[in-house]
Amino acid sequence: MQAAQPQSAQADAGQPDSGQPQHGPSDHPKVPRPKVGVLLANLGTPDGYDYWSMRRYLSEFLSDRRVIDYSPWKWQPLLQTVILTKRPFTSGAAYKSIWNEAENESPLATITKSQTAKIKAALQARYGADVMVDYAMRYGNPSTRSKVEAMTAAGCQKILFFPLYPQYAGATTATANDAFFAALAKEKWQPASRTVAPYFDRPDYIEALAQSVERAYAAKDKKPDLLVCSYHGLPQRYLMEGDPYHCQCQKTTRLLKERLGWQDSEIMTTFQSQFGPEEWLQPYTVEEVARQAKAGKKSIAVCAPAFSADCIETLEEINEEIKESFEEAGGDDFTYIPCLNDDDAHIEALTTIISENLAGWI
């Protein structure tokens, strides 16, 4: 029996640059040079802030059973006939207030592109051109399926899928993975795949968070009375059903406090963006900042450790609505600390996570 050729020898025999197997028939389909794909994923963005762009985006988002798990028989008539009649106008106005008009896209799209470019440069400097790096959105464009199709067409026989959520939640990480697996199911030649685990307690992620807080505090004349770590909310019921998100958020805040060397009274965890009539994880950020102002804490800072990139929930909800709640309750000094975005320490942490997950593949 002939021994298997080393990969380099196989590549030479297969004439990868021509895309044509040496011993295949002349009409054999071209096979591109094998690559490893790294596909970053974030929540999503509408294509514009006009009514129909917002309606398409919100319909896809709010129809996800991971996000809203009510019976479709009850939920969809309410969603399509009531909620999506009005909400695209209010959401569109919110997006318009933060829209990147120069690039005609949302800030999330702009930041994700920059993150991807920096991670791609770092990985290709380390591994060469045989690593393909791209990004997708769970809702809106570019879709996960379109990017999986592009990667397989380019020769990615292995794909590492990286949902950019530090803390795991069924409504974020799991639904992103669902979309990835559904895209793989459509491929004739299905690549090997891996997904990246949550990184809420990694020292390099906590260090990047801590540095961002220290920079913001150093720029102020006086240290704020309180740092509010505001995480995106989930129904309380999800926690009771086994979703680990609440516990992972609490641990991120605790590790950040320990890294900063602070007391418990200087930092707290809250949750924002509640939706619908049922109880969500508490305390609610919008209510808690007002309570803190009335209790005498007139200077606060707010960060958003669950978001890898600034978006509507941070730039509009935190820096406008939540700020307004604080000031109306008597607060004097409100500081929003931006997400880690394409900060060098953040990019280094994400690149390290990717490299660890590529072990054995490249």
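For the reader, a short list of remarks on this structure follows.
- Taking each residue of the range 332-346 that is among the hydrophobic types (A, V, I, L, M, F, W, C) and looking for partners that are open to solvent by less than 20 Å² (accessible area, probe 1.4 Å) and part of a strand (DSSP E or B) with beta-carbon atoms closer than 7 Å, six or more apart or interchain, yields F334/I300; I337/A301; I337/V302; I337/C303.
- The set of residues in the range 239-257 that are open to solvent by less than 20 Å² (accessible area, probe 1.4 Å) and either out of contact with any Pro (no Cβ under 8 Å at 6 or more places or on another chain) or on the phi > 0 side of the Ramachandran plot (or both) contains only Y245.
- Residue check, A293 buried (at least 22 other Cβ atoms within 10 Å of the Cβ) and farther than 26 Å from I206 by Cα: yes
- Residue within the range 229-238 that is out of contact with any strand residue (DSSP E or B) (no Cβ under 8 Å at 6 or more places or on another chain), open to solvent by 50 Å² or more (accessible area, probe 1.4 Å) and not basic (K, R) present: no
- Selected residue (only one of R254, R237, R202 is under 30 Å from L62 (Cβ atoms) and of a type outside the set (V, I, T)): R237
- Filtered residues of the range 141-167 (kept if surrounded by fewer than 20 Cβ atoms within 10 Å (Cβ to Cβ) and under 27 Å from S273 (Cβ atoms)): N141, P142, S143, R145
- Checked across the range 202-216, the condition of being among the small types (G, A, S), loosely packed, with under 14 Cβ neighbours inside 10 Å and modelled with pLDDT of 95 or more holds for no residue.
- Qualifying position, being in a helix (DSSP H, G or I), hydrophobic (A, V, I, L, M, F, W, C) and either open to solvent by 50 Å² or more (accessible area, probe 1.4 Å) or within 30 Å of Q115 (Cβ to Cβ) (or both), among V286, V302: V286
- All conditions in (1) within 17 Å of the chain's Cα centre (by Cα); (2) in contact (Cβ under 8 Å) with a residue 60 or more places away in the chain hold for P224, with the sole exception of (1).
- Counted residues, the range 182-192 - those being open to solvent by 50 Å² or more (accessible area, probe 1.4 Å) and within 19 Å of R138 (Cβ to Cβ): 3
- Taking (1) within 20 Å of the chain's Cα centre (by Cα); (2) assigned to a loop (DSSP other than H, G, I, E, B); (3) in contact (Cβ under 8 Å) with a residue 24 or more places away in the chain in turn, M137 satisfies each apart from (2).
- Residue within the range 113-121 that is under 20 Å from L62 (Cα atoms), in contact with a helix residue (DSSP H, G or I) (Cβ under 8 Å, 6 or more places away or on another chain) and assigned to a helix (DSSP H, G or I) present: no
- Residue check, L79 crowded, with 18+ Cβ neighbours inside 10 Å and within 30 Å of G155 (Cβ to Cβ): no
- Within the range 168-181, being open to solvent by 30 Å² or more (accessible area, probe 1.4 Å) and of a type in the set (V, I, T) holds for one residue alone: T172.
- Among the residues of the range 37-52, those identified as of a type outside the set (F, W, Y) and either touching a Gly at 6+ places or on another chain (Cβ under 8 Å) or open to solvent by 20 Å² or more (accessible area, probe 1.4 Å) (or both) are L43, G44, T45, P46, D47, D50.
- Lone unmet requirement of (1) part of a helix (DSSP H, G or I); (2) in contact with a Ser or Thr (Cβ under 7 Å, 6 or more places away or on another chain); (3) without any contact (Cβ under 8 Å) to a residue 40 or more places away in the chain for T110: (2)
- If the condition is being assigned to a helix (DSSP H, G or I) and open to solvent by 40 Å² or more (accessible area, probe 1.4 Å), then the range 55-69 contributes R55, R56, E60, F61.
- Sub-6 Å Cβ pairs linking a first residue in the range 178-203 that is under 26 Å from V67 (Cα atoms) to a second residue that is assigned to a loop (DSSP other than H, G, I, E, B) and open to solvent by less than 30 Å² (accessible area, probe 1.4 Å), at least 6 apart or interchain, are P198/Q167; Y199/P166; F200/P166; F200/Q167, ordered by first then second residue.
- Identity of the residue in the range 317-340, in contact with a Ser or Thr (Cβ under 9 Å, 6 or more places away or on another chain), of a type outside the set (D, E, K, R) and open to solvent by 20 Å² or more (accessible area, probe 1.4 Å), that ends up nearest to Y127 (Cα to Cα): P338
The values are calculated or read from the model by the stated rules, or taken from the named source; none is laboratory data. Model, not experiment: these values are computed from the prediction. Methodologically, a virtual Cβ is constructed for each residue, glycine included, from the backbone with ideal geometry; neighbour enumeration extends over all protein chains shown. The protein model used for the area step is the full one, side chains on, heavy atoms only, and it has no ligands, DNA or RNA in it. Shrake-Rupley method; radii C 1.70, N 1.55, O 1.52, S 1.80 Å.
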